[in-house]
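J.: Okay, here's the structure, questions in a sec.
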Amino acid sequence: MERKTPLYDQHLSCGGKMVPFAGYLLPVQYTDVVEEHMAVREKAGIFDVSHMGEVLLQGKDALANLNMLFTNDFTNLADGRVRYSPMCNEHGGIVDDLLVYRMSAEKYMVIPNAANREKDVEFIRAHLFGDVTVEDISDSIAQIALQGPKSRDILLQLLPGERIPAKYYTFLEDIQVNGIPCILSQTGYTGEDGYEFYCRAQDAAKLWTTLLEAGSEYGIRPCGLGCRDTLRLEAAMPLYGHEMNGEISPLEAGLNFAIKMQKPDFIGKKAIEARGGPQITRVGLKVTGRGIVREDCPVFLDNRQIGRTTSGTYCPYLKGAYAMALVEAGAAPAGTKVQAEVRGRKVDAEIVPLPFYKKS
């Protein structure tokens with residue numbers, strides 16, 4: 001039985017087409033996926049991401065636990081900053097990729113992916129040590145994302161400039177938006193400038209309406225899961241269950257920037273070291289033939305299979321079909337002509353650098 005987010009009624013009133021996703025009923029689209037995608041690229045879009053989790057780690061040993069649980073290093077993370085990191089199992093595979101918000105030296109908020117929330121909390125609890133507590137507050141929190149080049153202009157209708165996070169991966173606490181207390185971060189999953197709001201579940205509907213009204217003159221649109229996926233694919237952002245899973249290491253997924261092997265230790269470090277250099281690597285494919293290449297399609301080089309696609313679709317802003325794939329390391333540098341097999345038919349493609357899209 002799927003759960004409803006605090007914004008379920010707002011989605012229905014906006015014409016959202018509801019589908020099950022990660023245990024929740026969420027809008028896949030409101031009007032048209034391409035229109036919503038382009039609104040985010042050119043103006044602004046608003047997303048309900050309340051299905052994401054929020055978990056607090058607190059105590060004198062919170063930092064030590066974070067550094068053992070995650071591959072990234074949080075030692076120099078300052079208050080009001082956000083850092084991305086995979087969390088690995090003992091075999092070096094990825095349990096999940098998460099964001100960590102530092103509220104103080106002894107208080108951190110961790111954001112797991114929706115479908116992994118319970119699994120992640122269980123994994124964290126099983127590996128805690130010392131003076132630290134973990135509290136899953138997800139059910140009491142709503143999360144709303146405002147994304148697109150007009151996002152800051154919209155926020156300036158509601159907040160003074162100094163109350164808007166000035167840099168990517170920073171946040172401010174105790175922000176009042178139309179009387180609603182929020183945590184406001186400059187983060188997102190679309191490849192655009194944007195912000196994410198955390199508020200009490202009972203305040204979500206008022207915040208949603210406030211943002212839509214403030215953005216009406218800027219062309220804001222409510223956006224669904226459909227364009228959230230096309231946007232993240234254009235920006236080549238990995239998605240758990242596609243580019244990552246419990247067998248794939250962060251090095252294989254191309255997340256080297258978030259793996260600090262110089263740390264004394266973290267869960268999975270010895271296994272990652274034992275694997276040696278990555279045998280597979282994440283690459284981008286631009287489809288040059290006819291058709292759309294989606295996930296789990298075999299990729300061939302000179303009629304020899306070298307890997308499989310992990311995500312793929314038509315990218316509206318780029319006006320073409322693109323895919324990401326995990327292929328043999330070194331087998332297909334940028335510029336290599338390959339083919340992807342789609343329902344028994346081979347479609348021409350070219351290996352291209354990631355990301356496909358990067359905001360100007």
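The values are calculated or read from the model by the stated rules, or taken from the named source; none is laboratory data. Every value quoted in this text rests on a predicted model; they were computed, and no experiment measured them. All Cβ positions, glycine included, derive from the backbone under ideal geometry; neighbour counts span all protein chains shown.
J.: Go through region 210-230 and give me each residue that's over 20 Å from residue 18 (Cβ atoms) and in contact (Cβ under 8 Å) with a residue 60 or more places away in the chain.
T.: So the first thing to find is which residues in region 210-230 are over 20 Å from residue 18 (Cβ atoms), and the list is 210-211, 213-220.
Those that are over 20 Å from residue 18 (Cβ atoms) and in contact (Cβ under 8 Å) with a residue 60 or more places away in the chain: 211, 214, 215, 218, 219, 220.
J.: Moving to a separate point now. Given the options 272, 306, name the one that is free of Cβ contacts under 8 Å to residues at least 40 places away in the same chain, more than 19 Å from the chain's Cα centre (by Cα) and buried (at least 19 other Cβ atoms within 10 Å of the Cβ).
T.: 306 is the lone residue from the list that is free of Cβ contacts under 8 Å to residues at least 40 places away in the same chain, more than 19 Å from the chain's Cα centre (by Cα) and buried (at least 19 other Cβ atoms within 10 Å of the Cβ).
J.: Now for a separate question. Could you check region 190-229 and list, in sequence order, the residues that are under 14 Å from residue 156 (Cβ atoms) and aliphatic (A, V, I, L, M)?
T.: 211, 214, 220, listed by residue number.
J.: For residue 346, are the conditions met, namely being of a type in the set (D, E, K, R), part of a strand (DSSP E or B) and not assigned by TED's automatic domain parsing to the domain that holds residue 42? Write out each step before concluding.
T.: On the way: of a type in the set (D, E, K, R): yes; part of a strand (DSSP E or B): yes; not assigned by TED's automatic domain parsing to the domain that holds residue 42: yes.
Taking the combined requirement at face value, the residue satisfies it.
J.: Also: Mind checking whether some residue in region 341-356 is among the charged types (D, E, K, R), within 18 Å of residue 248 (Cα to Cα), surrounded by fewer than 19 Cβ atoms within 10 Å (Cβ to Cβ) and free of Cβ contacts under 8 Å to residues at least 40 places away in the same chain? Full working, then the answer.
T.: We begin by selecting, within region 341-356, every residue among the charged types (D, E, K, R); these are 341, 343, 345-346, 348, 350.
Those still in the list that are within 18 Å of residue 248 (Cα to Cα) too: none.
No, region 341-356 contains no residue that is among the charged types (D, E, K, R), within 18 Å of residue 248 (Cα to Cα), surrounded by fewer than 19 Cβ atoms within 10 Å (Cβ to Cβ) and free of Cβ contacts under 8 Å to residues at least 40 places away in the same chain.
J.: Here's a follow-up. Out of all the residues in region 285-297, is one or more over 24 Å from residue 34 (Cα atoms) and not assigned by TED's automatic domain parsing to the domain that holds residue 73? Write out each step before concluding.
T.: Start the filter on region 285-297 by keeping residues that are over 24 Å from residue 34 (Cα atoms), which leaves none.
Looking through region 285-297, none of the residues is over 24 Å from residue 34 (Cα atoms) and not assigned by TED's automatic domain parsing to the domain that holds residue 73.
J.: Can you give me the ranges of the helices (runs of 4 or more DSSP H) entirely in region 130-242 with at least 2 residues that are among the acidic types (Asp, Glu) and modelled with pLDDT of 95 or more? Lay out the reasoning, then the answer.
T.: Working: elements: 151-155, 204-214, 225-234.
Per the criteria, 225-234.
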